[in-house]
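Scroll down for the structure; my scribbles are underneath it.
The values are calculated or read from the model by the stated rules, or taken from the named source; none is laboratory data. Quick caveat, the model's predicted, so the values are computed rather than measured. As a convention, Cβ positions derive from the backbone with ideal geometry for all residues, glycine included, and neighbour counts pool all protein chains shown.
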């Protein structure tokens with residue numbers, strides 16, 4: 001306990017913001033403090049830890065090795081202290097929190113609109129900071145404390161990551177009607193002869209479709225690889241491209257009169273779209289409320305903005 005007597009605990013909150021933002025001005029905005037006050041606190045923290053903590057490298061601030069080693073223990077300590085001091089009854093209307101979520105524009109289109117409406121109605125003091133990353137990066141950021149919640153497909157999550165299914169999905173194919181038979185879809189041979197669009201954050205990604213093909217010793221011609229689910233359907237009309245995509249990404253077919261939807265000519269298993277979080281967040285009442293809100297808003301029709309909310 002001697003070390004605790006040597007430091008103002010408020011400085012730990014400042015340190016947490018500095019390590020997260022890696023920028024004095026952004027940390028000041030996050031803490032609702034002045035930039036000089038945060039700079040002064042950083043100087044005191046450097047003295048306390050005997051380390052510069054933040055150093056300029058290549059035109060930006062980076063964490064020293066000592067600072068990097070502090071990230072996780074500090075996150076754990078502050079989470080535990082917050083839980084210790086929190087009121088036992090959680091009221092979303094009174095919460096003042098900022099949660100960091102990572103999701104693709106697929107989830108941004110399907111889950112985020114009803115979720116934002118729900119949060120603004122039930123918990124207007126709860127802020128959402130949204131980012132996008134690969135599933136591997138999201139899992140790493142959850143473990144490092146850089147994310148609070150991730151939405152995606154996590155078939156091989158580490159033991160310290162909890163995963164909950166939000167809904168079941170299946171793959172469908174889309175193409176311009178002009179390149180399809182008068183009725184039905186394509187045979188596997190015809191499907192493989194056509195150029196395809198692959199949705200991935202990285203051009204070298206190995207997704208569920210590529211793995212299913214590889215298991216059969218097959219490959220498809222990827223003419224376009226890009227990360228934007230919301231724009232993918234718009235690329236199809238007037239081309240010979242095939243898109244194989246999660247069904248809920250397509251939306252109403254009335255909007256795509258030149259296109260036809262058909263069943264993929266190879267077996268692609270249904271899959272669960274999920275939310276994932278680190279075990280250290282499991283018992284945080286605000287985090288638990290947010291997870292329930294995401295689950296509710298992921299169902300068909302989403303969440304009515306006038307519905308009441310409870311915490312299990």
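See the values below:
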quantity	calculated
Condition met for residue 145 (at pLDDT below 95 and more than 14 Å from residue 201 (Cβ to Cβ))	yes
Subset of segment 40-89 [over 16 Å from residue 145 (Cα atoms), touching a strand residue (DSSP E or B) at 6+ places or on another chain (Cβ under 9 Å) and outside any helix (DSSP H, G or I)]	53, 54, 55, 56, 61, 62, 64
Matching entry among 270, 281, 260, 248 (being modelled with pLDDT under 95 and over 25 Å from the mean Cα position of the chain (by Cα))	260
Residue that is surrounded by the fewest Cβ atoms within 10 Å (Cβ to Cβ) [pool: residues in segment 181-201 that are touching a strand residue (DSSP E or B) at 6+ places or on another chain (Cβ under 7 Å) and without any contact (Cβ under 8 Å) to a residue 40 or more places away in the chain]	200
Odd one out for residue 204, checked against (1) in a helix (DSSP H, G or I); (2) free of Cβ contacts under 8 Å to residues at least 60 places away in the same chain; (3) surrounded by fewer than 18 Cβ atoms within 10 Å (Cβ to Cβ)	(1)
Any chance residue 42 is at pLDDT below 90 and surrounded by 13 or more Cβ atoms within 10 Å (Cβ to Cβ)	no
Set 149, 128, 166, 115: member being farther than 15 Å from residue 296 by Cβ and either touching a residue at least 12 places away in the same chain (Cβ under 8 Å) or in contact with a helix residue (DSSP H, G or I) (Cβ under 9 Å, 6 or more places away or on another chain) (or both)	128
